[in-house]
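Here the structure is laid out as structure tokens; the discussion comes afterwards.
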Amino acid sequence: MSHLIIQDLHKSFGDLRALQGVDMVVEKGEFFVLLGPSAAGKTTTLRMVCGIERADQGRVVFDGEDVTGAEVRGRDMAMVFQTFALYPHMTIFDNLAYPLRQSGMAKADVVQRVNEVAEMLRLGHTLARKPGTASGGEQQRVAIGRALVRRPSLLLLDEPLTNLDAKLRFDTRAEFKRLHRELGMTIVYATPDELEALSMGQRIALLRGGRIVQTGTPDELYTKPQDTYVAGMVGSPKVNLIPAIRRGADDAPLVEMPFGAVQNGPWADALKPFPVGSELIFGFRPHDVAPATDTGGDDGDGGGTMRIAAKVHLIEPLGDVVILDLTAGETQLKMVLPEEQAIRYSVGDDVPVNLRVENSFLFARETGTAIC
Amino acid sequence: MFGKRKERGLREAGWGQTLFAGAIGLIYFFPVLWIIMTAFKTRTDALATPPKFIFTPTLDNFVSVFWRVSQQGNEAISTGFGLYFFNSVFVAASGVLLALIIGTLAAYGFSRYPLKGNDTYLFVILTTRMLPPIIVIIPIFLMFRLTGMSGSYYGVILLYAAFNLPFSIWMMKSFFDELSGDVEDAARLDGSSERGVFFRICLPQLKAGLAATAVFALILTWNEFLFALLLTGSDTRTVPVAMARTIGGELGVDWGLLAAIITLFLIPVFGVTYLLQNHLLRGVTFGTIKK
Ligand SMILES: Nc1ncnc2c1ncn2[C@@H]1O[C@H](COP(=O)(O)OP(=O)(O)OP(=O)(O)O)[C@@H](O)[C@H]1O
Ligand SMILES: [Mg+2]
């Protein structure tokens with residue numbers, strides 16, 4: 001059964017249309033990520049799910065029950081607020097105990113539960129203090145702990161890792177995954193960070209300007225982006241997007257770019273109806289570009305790869321991989337190589353590269369939507 | 001250069017600065033100090049020219065606040081000031097408390113559940129305080145006569161509550177506005193009732209604001225003269241009114257007595273302000289300092 005269904009959710013703040021028809025379905029026990037840039041409407045969506053914001057239009061169905069206009073209290077869900085929203089006048093212990101006490105849990109059980117959570121989040125030493133005296137990272141962990149402590153069946157997380165340092169972020173990420181596995185909670189996780197989304201989400205909904213652009217598994221978003229925005233948002237380093245023109249015969253389309261033409265991509269059939277001269281955008285991942293030197297001339301087997309004559313323009317080492325910024329004529333493109341391969345190149349070198357056409361994307365330039 | 005400035009800013013004040021600040025403080029405090037000194041002077045010392053700074057203190061003035069000698073000269077008769085002090089405390093405390101309770105509830109409503117035209121309502125509430133009291137006193141006096149509230153405790157208490165309400169609402173509303181709405185939403189999600197949100201989440205965060213509002217309202221009420229003069233009776237008379245009645249008579253103004261009354265009258269306000277001063281400072285600067 002679907003645990004959470006959101007249908008056609010609209011919300012305006014005065015003239016500002018924050019949500020313009022959000023639809024999503026979250027399955028029971030799923031780790032669902034709401035990915036979107038700042039002001040996309042992530043927080044607004046989560047607030048409507050828990051009922052603290054009223055929808056202008058649309059429905060929220062939780063556990064098979066329409067909760068659109070229902071009371072906030074008593075929902076079997078907890079939220080980690082982006083602003084933490086800790087109770088400033090209570091000690092951290094009381095903050096963590098608050099949801100349990102509200103549910104009328106026995107004193108001894110409260111103490112035990114709070115201590116468990118505090119230990120897990122390494123908050124033991126802070127329990128007697130007020131949140132105002134805790135560090136940003138500690139405050140964030142208190143917020144997380146307060147949401148986890150009553151083991152809700154749905155956990156809403158609004159950018160819960162932003163204030164943690166790298167190591168703690170890594171640990172907490174693993175902790176969320178473990179909790180998700182062990183407690184079987186459904187998690188809706190809002191983040192602007194694409195890496196976080198790809199590494200944690202079982203499914204991702206990409207939100208932009210109050211609309212969901214695409215929903216799918218990380219793999220689907222990566223390999224079948226529905227438009228240039230998704231292609232650009234998912235994947236690092238960023239996808240290469242090259243302006244192109246449709247050429248060739250009606251039933252044998254050709255995509256012409258400044259540095260050459262390609263055909264027979266996965267988009268070839270869908271491109272046929274487009275008139276010759278249509279403006280397109282050709283996209284490919286930096287991971288799908290490789291130096292052509294070793295393979296020599298054996299790329300003649302029918303359009304599997306495309307040869308591009310490029311020059312190294314810039315080298316960005318990123319630890320074990322290196323991004324090479326290349327220029328092919330006037331056009332810039334990126335290639336990712338393992339470090340041991342990349343050390344062979346220096347700025348200004350000529351590098352013939354092969355592009356794997358089978359993994360490429362094609363978009364209509366005007367609308368940005370995928371042709372496939 | 002920047003570093004030096006910062007260092008200067010952090011340094012403790014030197015002796016010169018301390019003396020200077022002390023001198024300014026003394027100038028402000030001098031009238032109060034003079035009154036307190038006068039309270040301990042005999043009639044001749046009080047009227048002496050040039051004014052006396054060194055004198056033998058006496059408690060006579062304080063005794064005569066409460067008792068005077070009877071015409072026969074052998075009995076001590078109560079002046080009624082014990083009652084007047086009680087009245088002042090009782091009326092001011094009740095009026096302020098009532099204003100604080102109603103004001104806080106109203107402010108929460110205005111802040112969290114704004115009506116259509118919220119600002120207009122708030123403005124209208126404030127307009128009642130824009131007129132000088134002398135203008136509204138006559139209709140109020142007549143209303144009190146008509147309803148029989150003249151001279152009763154509850155009449156003055158209600159009036160003082162009404163008198164403090166606009167200010168309490170405005171002040172408390174600004175404090176509520178400063179609170180993070182997310183915190184309240186979190187409490188609701190954590191299972192709190194609306195009542196719990198107000199009493200357990202909002203109010204405890206506003207202790208400082210409540211204290212500040214209470215002290216300001218208390219000072220205004222404590223010193224209020226005009227309404228008290230016209231609306232209290234002999235049993236419910238407050239100290240400012242009773243004090244005014246000691247002026248005049250065949251002996252002229254008894255400065256020592258008056259100073260003694262004022263000195264006693266200052267003690268409760270001093271006390272309350274002192275007790276709440278930490279809260280008070282936080283209340284006044286509320287929101288200007290990021291927590
Ligand atoms: N209470 C409000 N009043 C007015 N505008 C609001 C309110 N809440 C949100 N908005 C607006 O709605 C839009 C969506 O906001 P939202 O907080 O949902 O974004 P977000 O995706 O969470 O962004 P971020 O990553 O920065 O937190 C923004 O343009 C924001 O300014
Ligand atoms: Mg947000």
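The values are calculated or read from the model by the stated rules, or taken from the named source; none is laboratory data. Bear in mind that the values here come from a model prediction, so they are computed numbers and not experimental data. Every residue, glycine among them, receives a Cβ derived from its backbone with ideal geometry; neighbour counts consider all protein chains shown.
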Requested in this report: Output yes when any residue across the range A:224-234 is closer than 30 Å to A:P266 by Cβ, without any contact (Cβ under 8 Å) to a residue 24 or more places away in the chain and away from ligand 2 (no atom under 16 Å from the Cβ), and no when none is.
Outcome: yes
Report task. Test A:T186 against the stated conditions and say whether it is touching a His at 6+ places or on another chain (Cβ under 7 Å), more than 16 Å from ligand 2 (Cβ to nearest atom), of a type in the set (S, T, N, Q) and in the same structural domain as A:V149 (by TED's automatic domain parsing). Result -> yes
Query - Output for the range B:49-89, where each listed residue is surrounded by 10 or more Cβ atoms within 10 Å (Cβ to Cβ) and of a type in the set (S, T, N, Q) - result: B:T58, B:N61, B:S64, B:S70, B:S78, B:T79, B:N87, B:S88
Query raised in the report: Quick check: is even one residue across the range A:86-93 part of a loop (DSSP other than H, G, I, E, B), within 16 Å of ligand 1 (Cβ to nearest atom) and either crowded, with 17+ Cβ neighbours inside 10 Å or facing chain B (nearest Cβ under 10 Å) (or both)?
Result: no
**Report entry** Residue in the range A:7-16 that is crowded, with 19+ Cβ neighbours inside 10 Å, away from ligand 2 (no atom under 16 Å from the Cβ) and either touching a residue at least 24 places away in the same chain (Cβ under 8 Å) or not assigned by TED's automatic domain parsing to the domain that holds A:A205 (or both) present
**Finding:** no
Report task. Report yes if some residue within the range A:217-239 is at positive phi and within 15 Å of the chain's Cα centre (by Cα); otherwise report no. Result -> yes
Query raised in the report: In the list A:A147, A:A190, A:A143, A:A108, which residue meets the criterion of being hydrophobic (A, V, I, L, M, F, W, C), more than 14 Å from chain B (Cβ to nearest Cβ) and either in a helix (DSSP H, G or I) or over 21 Å from A:R47 (Cβ atoms) (or both)?
Result: A:A108
Query - Residue that is farthest from ligand 1 (Cβ to nearest atom) [pool: residues in the range A:194-215 that are closer than 17 Å to A:E27 by Cβ and assigned to a strand (DSSP E or B)] - result: A:R203
Report task. Kindly indicate which of A:G248, A:G265 is of a type outside the set (K, R) and within 28 Å of A:V336 (Cα to Cα). Result -> A:G265
Query raised in the report: Inside the range A:1-22, can you point out the residues that are part of a strand (DSSP E or B) and out of contact with any strand residue (DSSP E or B) (no Cβ under 6 Å at 6 or more places or on another chain)?
Result: A:S12, A:F13, A:L16, A:R17
Query raised in the report: A:L155: out of contact with any Gly (no Cβ under 6 Å at 6 or more places or on another chain), hydrophobic (A, V, I, L, M, F, W, C), at pLDDT below 90 and assigned by TED's automatic domain parsing to the domain that holds A:Y222, yes or no?
Result: no
Query - Residue that is farthest from ligand 2 (Cβ to nearest atom), among those in the range A:36-78 that are farther than 13 Å from A:K11 by Cβ and in contact with a Pro (Cβ under 9 Å, 6 or more places away or on another chain) - result: A:D76
Report task. From (1) in contact with a helix residue (DSSP H, G or I) (Cβ under 8 Å, 6 or more places away or on another chain); (2) more than 11 Å from chain B (Cβ to nearest Cβ); (3) of a type in the set (A, V, I, L, M, F, W, C); (4) not in a loop (DSSP other than H, G, I, E, B), pick out the condition that doesn't hold for A:A97. Result -> (2)
Query - Selected residue (criterion: farthest from the other protein chains (Cβ to nearest Cβ)) from residues of the range A:38-74 that are more than 10 Å from ligand 1 (Cβ to nearest atom) and touching a residue at least 60 places away in the same chain (Cβ under 8 Å) - result: A:G64
**Report entry** Verdict on A:M79 being in contact (Cβ under 8 Å) with a residue 60 or more places away in the chain, within 14 Å of chain B (Cβ to nearest Cβ) and within 15 Å of ligand 1 (Cβ to nearest atom)
**Finding:** yes
Query raised in the report: Within the range A:193-206, is there a residue that is within 23 Å of A:A364 (Cα to Cα), away from chain B (no Cβ under 14 Å) and within 16 Å of ligand 2 (Cβ to nearest atom)?
Result: yes
Query raised in the report: From the list A:R247, A:R169, which residue is outside the structural domain of A:T83 (by TED's automatic domain parsing) and not in a loop (DSSP other than H, G, I, E, B)?
Result: A:R247
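Collect the residues in the range B:167-206 that are among the basic types (K, R) and within 8 Å of another protein chain (Cβ to nearest Cβ), keeping them in residue-number order.
Result: B:R188, single match.
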